[in-house]
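First up is the structure itself, then whatever we jot down about it.
Please treat every number below as a calculation from the coordinates, not as lab data. Keep in mind the model is a prediction, meaning the values are calculated, not measured. Note that each Cβ is placed from the backbone with ideal geometry, even for glycine, and that neighbours are counted across all protein chains shown.
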Amino acid sequence: MTDAPFLEASIAHRIGPLSLKAEFTLREPWTVLFGPSGAGKSTLLQILAGLIRPDAGVVRRDGETLMDRAGRVFVAPGQRDIGFLTQVPALFPHLDVRANVGFGLRSGLGRGADKRARAARVDDMLKLFHAEALGSRMPGTLSGGERQRVALARALAPEPRLLLLDEPFAGLDISLKEEIVGDLLGYLRGRSLPVLYVSHDLGEALQTGSGVIKFSDGGITAQGPALEVLAEERRQLLVRLGVPG
Amino acid sequence: MNVQDLLVTLRLATVTTVTLMVLALPLARWIALVRLGRGGRGRAGYGLKGGPGIFASVVEALVALPLVLPPTVLGFYLLVFLGPRTAPGRFLAAFVGHPLAFSFSGLVVGSVIYSFPFAVQPLVAGFSSVDTELLDAAALLGAGRWRTFVEVVLPLSKRSILTAAVLAFTHTVGEFGVVLMIGGDFPGRTRTLSISIYDEVQNFAYADASRTGLLLLGFSFTALLLIYWRSAKGAVDERAG
């Protein structure tokens, strides 16, 4: 199934005041899930990753069924080949940076990899994200940017086949963010690893988005190329900035 | 007080604490997961909806029962159920080879039940305080429940585990009602220090009672000091980290 989309999802879920209903497919290598805070974007990612079981729905990655409520299929989070990076990186506070990055290599995709291969993989990942000097540091001693570098290295170490980014760079200053995104793009180059990137920042969505899924109040309102889907938002922004559209 | 009573006390507290930790660790983990709404079977447990349900509440109430029940009540029931008057008592007696009532093994059974909440509750508190995002991170990286428990939850609950062990031990050292009811007062077998101080006072041997009392007081204070000092130090370390 080489022509299967990266991801197909059809989800219905109620949680608290939020009623989520979404149906979409990912064919672009980089898609931005754009919408206001509280619209249910994070919940949607958690469902895709397998952290939440929705009331109903189906999720397929590369044609492989990861979840099908009606068919009673539920692949556990660690077996989905999905990397997930959250806004606040949940590094294990009792493990040093190397052990954090290597954690995912002990099971799942890294199964069977011997010790030396794992250590080499950890070295490679730290180098890719310019974190090789942090190897023996504890997470509690890292800065925000360093934490995200390590978290990114940890999420990518087991070679996931889909990467979910939940506003992971929201708390970082622009130059730092661009450095880390640059490292990430460097890693993605030459790899077939589609990314679903959650953002509520219009500038970010227009800048990075090859494809955009517009999301509000628990549902998808539009999907397509960034300039098309976000044309109205862009016009309003320009008006506010005083630039003639 | 004599050395024999001290040895019986230490032996009872040690055996009870080890037994308690073996039983309490998995139970506390289960209660903590149920409270998080993740008590389902195997991989199916992620993000289940709905509350813990009546079964979990019954288990928690049973675990906490020894906190409020008069020890003599517990001791009485154990005496009846472990003695030769009932079928379970006779079965146990046949299994162990001697009646459990008025024996050291009977004391262990009674102490384990009596000190159960002191081991389980700190563990539940410790396990529940581990960030759910860390549990999610472990699951996303392919760790199953067992590996997450051993490599993430346990190391992050070290202080609670120490607290549970120290409380279980000291509480067993200090128990009186259950020991007297189920153990009787047999020197070298079931007479612990808390019983011997009682005997000493009955015999007007106040000097002996005072020595026993001081020993128990000093021991209990030191044990609690260890817990509070460790947790104060831990809190400072965390802030510094």
### Query
Roughly how many Å is it from the Cα centre of the stretch A:154-202 to that of the stretch B:111-181, as a whole number?
38
### Task
Could you list which residues have their amide H under 5 Å from that of A:VAL73, counting only those 5 or more apart in sequence or on another chain, with H placed in the peptide plane?
A:ASP68
## Note on the structure
Short to long, in 10 Å steps from zero, the percent of alpha-carbon pairs of the stretch B:131-241 per bin is 12, 27, 23, 17, 14, 6, 1
#### Entry: Full-stretch length increase - A:ARG191, A:GLU64 - with 0.36 nm per residue and alpha-carbon distance subtracted
43.8 nm
### Task
Assign one of three labels to the stretch A:106-245, namely rounded, prolate or oblate, based on the Cα gyration tensor with a ≥ b ≥ c the square roots of its eigenvalues; rounded applies when a/c is under 1.5, prolate when it is not and a/b is larger than b/c, and oblate otherwise.
prolate
### Message
Averaged across A:68-78, how many Cβ atoms of other chains sit within 10 Å of each residue's Cβ atom?
### Response
3
### Task
For the protein assembly as shown, count the residues as N, evaluate 2.2 N^0.38 Å, and divide the Cα radius of gyration by that value, please.
1.27
### Query
When all C-alpha to C-alpha distances in the stretch A:65-152 are sorted into bins of 10 Å, what percent of pairs does each bin hold, rounded to whole numbers?
16, 42, 28, 11, 3
### Query
So, in Å, what gap is there between the alpha-carbon centers of the stretch B:187-224 and the stretch A:33-55?
61
### Theoretical ellipticity at 222 nm over the protein assembly as shown - DSSP helices of four or more residues, -39500 (n - 2.57) apiece, nearest 500
-17000 deg cm²/dmol
### Task
For helix B:3-35, report the angle its Cα long axis makes with the longest principal axis of the Cα atoms of chain B; keep it between 0 and 90° and round to the nearest 10°.
30
#### Entry: the stretch B:47-136, Cα convex hull volume normalised per residue, Å³
149
#### Entry: Compactness of chain B as Cα Rg over 2.2 N^0.38 Å, two decimals
1.17
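Sorted by average packing, counted as other Cβ atoms within 10 angstrom per residue and highest first, what order do A:116-124, B:199-207, A:147-155, B:161-169 take?
Highest to lowest by the protection proxy: A:147-155, B:161-169, A:116-124, B:199-207.
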### Given chain B, longest segment not containing exposed loop trypsin sites (Lys or Arg not before Pro) (DSSP; at most 12 other Cβ within 10 Å)
B:86-241
### Task
Let me know the mean shielding of A:51-64 by other chains, meaning the per-residue number of their Cβ atoms within 10 Å of its Cβ.
2
